[in-house]
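The structure appears below as structure tokens.
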Amino acid sequence: MTTQLLQEASQIIPNPQLLINVVSKRVRQLGLGHRPMVEVGPRASLTDIALKEIIAGKLSFEEQSASTDGA
């Protein structure tokens, strides 16, 4: 994982826990054979691919707020 990619992706998703969750879910998908949505080199790690997708705006996410009604 490249530190520069991590820093750039954290500008898009500033919450570190959310960033980790988005990256890990996408890494899992890529590991299962999903195609990258960005151009990648032959030696790019799955984590780097996921970070590049976040930076390129190819991945979307939705933060869900905690329910306060006890449900």
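Bear in mind these aren't lab numbers, they're just calculated from the coordinates by the rules spelled out. In this text, all values refer to a predicted model and were calculated from it rather than measured experimentally. Using ideal geometry, Cβ is built from the backbone for each residue, glycine included, and neighbour counts are taken over all protein chains shown.
Quick notes
- The chain: relative contact order in percent, alpha carbon pairs under 8 Å with at least 6 residues between: 38
- Placing a pseudo-label 7 Å from each Cα along the Cα-to-Cβ vector at Leu18 and Thr3 gives an inter-label distance of 2.6 nm.
- The Cβ shell under 15 Å around Leu6 holds other residues with a net charge of -1, Lys and Arg each +1, Asp and Glu each -1.
- Sparsely packed trypsin sites (Lys or Arg not before Pro) within the range 13-52, loop by DSSP, other Cβ within 10 Å at most 16: Arg43
- Cleavage-rule hits (GluC sites (Glu not before Pro)) in the chain: DSSP loop, at most 15 neighbouring Cβ within 10 angstrom: Glu39, Glu62, Glu63
- Within the chain, helices built from complete DSSP H runs that reach 20 Å or longer along their own axis (Cα positions) and carry a mean Kyte-Doolittle hydropathy of 0.0 or higher are 16-31.
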